[in-house]
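One structure is given below, encoded as structure tokens.
The values are calculated or read from the model by the stated rules, or taken from the named source; none is laboratory data. Only a predicted model underlies this, so the values are computations on that prediction, with no experimental measurement involved. Note that each Cβ is placed from the backbone with ideal geometry, even for glycine, and that neighbours are counted across all protein chains shown. SASA here: full protein model, heavy atoms, side chains in, ligands and nucleic acids out. Shrake-Rupley method; radii C 1.70, N 1.55, O 1.52, S 1.80 Å.
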Amino acid sequence: MNKNEALNFVYENILGEDSILIQLRRGEGLNEDRFNELVTAMQLLIVEYKNLDVVPKKLALSFVDISNYFYFNEDKYSFDEQNHIEDAVQKISQLANELFDY
């Protein structure tokens, strides 16, 4: 995966019409493959932008209040599934902090 592919993957899976967030809200669960690829894309972007003072605006927009989008009270998931989703949120939030920490 190169930088442009990573950016596009983040955009599709955070902001897209069929993003991981939309799938969760529809009660479809966390797509592990897409989540793992999102983590990989974010790790690549951390390396790409580590020593730069700016990132693309759309990338920054992707992570504004990201953790709030994962929390919803619609009882669509079991306790264990909710915990797993919360772990995924923490991972994404951690990576976002690394990406924007300079």
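Some points to look at:
- Principal-axis tilt of helix 79-100 within the chain, Cα atoms, nearest 10 degrees: 10
- Accessible area per residue for the chain, computed on protein heavy atoms with a 1.4 Å probe, is 63 Å².
- Relative to the longest principal axis of the Cα atoms of the chain, the long axis of helix 32-49 lies at roughly 20 degrees.
- Ranked packing of 44-52, 84-92, most packed first, by mean Cβ within 10 Å: 84-92, 44-52
- Cα Rg over Rh - the range 1-45, Kirkwood: 0.99
- Couplings 3J(HN,Hα) of the range 4-12, computed from phi: 5, 5, 5, 4, 4, 5, 4, 4, 5 Hz, in residue order, whole Hz [Karplus 6.51 cos²θ - 1.76 cosθ + 1.60, θ = phi - 60°; x for Gly and Pro].
- Two-site label geometry, PHE79 and GLN23: point separation in nm, points 7 Å out along Cα→Cβ: 2.6
- Net length gained if the chain between LYS3 and GLU37 were fully extended (0.36 nm per residue, minus Cα distance): 10.9 nm
- Computed from phi, the 3J(HN,Hα) profile of the range 51-59 under the Karplus parametrisation 6.51, -1.76, 1.60 (θ = phi - 60°) reads 9, 9, 8, 10, 10, x, 4, 5, 5 Hz, with x in place of Gly and Pro.
- Cα convex hull, the chain: 87 Å³ per residue, rounded to a whole number.
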